[in-house]
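Engineer: I'd like to ask some things about the structure below.
Read-outs throughout are calculated quantities, based only on the coordinates presented, and are distinct from any laboratory measurement. Quick caveat, the model's predicted, so the values are computed rather than measured. Cβ atoms come from the backbone with ideal geometry, glycine included; neighbour counts cover every protein chain shown.
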Amino acid sequence: MYVQQTVSILFLLRRDKMTNDAKCPISARLTIDGLVEQISTGLKVKLADWNSANKKVKDSDPDYKTSNKKLRQIETDLERLVDLIQANDEVATPEKVMTAYRAPVKATQARQEKDKNETFSRAIDETVSHYLDFAHRYEKAHEGGKIPPSLLEARLPDEKEDLAKRIIKLAAEGKVMFDDTTWEKTLVKAINEHLLNFMEIAFSGMGMEWIQILTVGRFATPREWRSY
């Protein structure tokens with residue numbers, strides 16, 4: 001049964017959130033039968049460039065066409081979601097509508113995080129392989145207490161320094177992901193963190209057998225282990 005509901009969509013300037021460049025965020029306020037939900041539109045405008053009567057950006061703003069187009073699109077999307085939820089649930093609420101509206105944003109964020117995780121995974125795999133190759137050649141060169149050839153002896157410290165720089169860079173990049181509480185917790189993210197930790201431990205002098213734990217037996221490479 002169709003239920004008549006009172007729906008209102010307004011765009012408001014958040015004067016209390018004015019930024020250092022004297023711009024105020026524009027929020028979208030959805031009211032259904034007296035219940036209210038508000039979200040950010042992602043747009044900002046100066047007070048002088050906002051038409052408070054028409055709830056639009058004035059043409060004095062250089063980006064007014066793009067901004068007003070986005071506001072119209074947001075209004076259309078919210079109206080469409082109200083109709084859709086009413087058709088499915090008979091009664092729409094601002095919370096349901098805003099949750100549905102945010103879903104595509106979360107999906108986009110998830111895809112971006114997945115891409116970054118995969119890029120970071122490849123960087124870790126390459127560094128692990130580089131480390132294993134270096135560790136093997138280093139141990140081989142010093143096997144039985146022998147002194148390696150002068151050319152090799154001169155090259156190994158440079159390789160070790162380069163490897164150290166790569167690990168430090170990875171650790172810095174990883175910290176951003178691992179410490180970000182909004183970043184979705186996935187198996188790939190957890191494995192990346194452990195792989196990086198193992199590699200740092202191994203490189204600090206605890207022996208290459210620590211990193212080999214990750215690459216022997218059932219898993220020939222870190223990527224095979226990750227996809228297991």
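Engineer: Those residues that are without any contact (Cβ under 8 Å) to a residue 12 or more places away in the chain, assigned to a loop (DSSP other than H, G, I, E, B) and over 29 Å from the mean Cα position of the chain (by Cα), I need them from the range 51-81; list them, please.
Structural biologist: Ala53, Asn54, Lys58, Asp59, Pro62
Engineer: If I ask for residues that are closer than 24 Å to Lys96 by Cβ and either among the small types (Gly, Ala, Ser) or free of Cβ contacts under 8 Å to residues at least 12 places away in the same chain (or both), which ones from the range 1-37 would you list?
Structural biologist: Gln4, Ser8, Ser27, Ala28, Gly34
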